[in-house]
Amino acid sequence: QVQLVESGGGLVQPGGSLRLSCAASGSIFRLYTMGWYRQAPGKQRELVAIKASSGATNYGDSVKGRFTISRDNAKNTVSLQMNSLKPGDTAVYYCNLVVSLNEYWGQGTQVTVSS
């Protein structure tokens with residue numbers, strides 16, 4: 001079993017920055033993909049950014065150039081640096097981990113971008 005614990009959400013003004021972090025614990029093998037998805041009210045959950053253990057990275061189109069994902073394989077953590085935030089980035093952000101064809105989700109952390 002894998003547990004994911006997120007931190008770092010909150011309220012920020014448009015143009016501001018936030019950093020999300022997620023720590024994984026449990027039965028984790030070396031090869032896995034870890035990242036972030038988000039879900040706004042009334043919308044489907046969408047990809048924000050994911051990073052494989054190989055270093056390969058994939059970003060959602062709406063966050064390219066503004067968000068940066070990083071991970072520490074030794075500590076089983078992944079972070080998301082979010083810059084130039086917009087009201088459209090308001091959502092619950094979920095940490096995601098895929099290992100051995102099993103998928104795990106964090107409890108979610110709220111990010112609100114508003115003046």
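Report, by residue number, each residue of the range 77-89 that is surrounded by fewer than 18 Cβ atoms within 10 Å (Cβ to Cβ) and either touching a Pro at 6+ places or on another chain (Cβ under 8 Å) or not in a strand (DSSP E or B) (or both). Once the filter is applied, which keeps residues that are surrounded by fewer than 18 Cβ atoms within 10 Å (Cβ to Cβ) and either touching a Pro at 6+ places or on another chain (Cβ under 8 Å) or not in a strand (DSSP E or B) (or both), the range 77-89 yields N83, S84, K86, P87, G88. Applying the selection to the range 42-57, what residues are farther than 16 Å from K86 by Cβ and loosely packed, with under 14 Cβ neighbours inside 10 Å? Passing the criteria: G42, Q44, S54, G55, A56. Here A74 clears all of (1) modelled with pLDDT of 95 or more; (2) open to solvent by 60 Å² or more (accessible area, probe 1.4 Å) except the condition numbered (1). Number of residues in the range 26-39 that are open to solvent by 60 Å² or more (accessible area, probe 1.4 Å) and among the small types (G, A, S): the value is 1. Contact map, the range 6-19: residues that are open to solvent by 30 Å² or more (accessible area, probe 1.4 Å) paired with residues that are of a type in the set (F, W, Y) and in a strand (DSSP E or B), Cβ distance under 7 Å, separation 6+ or inter-chain. Pairs shown: G9/Y93. Of the listed requirements (1) open to solvent by less than 20 Å² (accessible area, probe 1.4 Å); (2) within 15 Å of the chain's Cα centre (by Cα), V99 misses just one: (2). Condition check for Y37 on (1) more than 15 Å from the chain's Cα centre (by Cα); (2) at pLDDT 95 or above: one failure, at (1). If I filter the range 46-61 down to residues being over 14 Å from the mean Cα position of the chain (by Cα) and not charged (D, E, K, R), which single residue comes out as farthest from W36 (Cα to Cα)? For the range 46-61, the residue satisfying everything is S54. Looking only at residues in the range 58-71 that are open to solvent by less than 50 Å² (accessible area, probe 1.4 Å) and of a type in the set (G, A, S), the one that is farthest from L97 (Cα to Cα) is G60.
The values are calculated or read from the model by the stated rules, or taken from the named source; none is laboratory data. On a predicted model such as this, the values are computed, not experimentally measured, just so you know. Cβ coordinates were reconstructed from backbone atoms using ideal geometry, including for glycine residues, and neighbour counts include every protein chain displayed. To get the accessible areas, we keep the full protein, side chains included, count just its heavy atoms, and leave off ligands, DNA and RNA. Shrake-Rupley method; radii C 1.70, N 1.55, O 1.52, S 1.80 Å.
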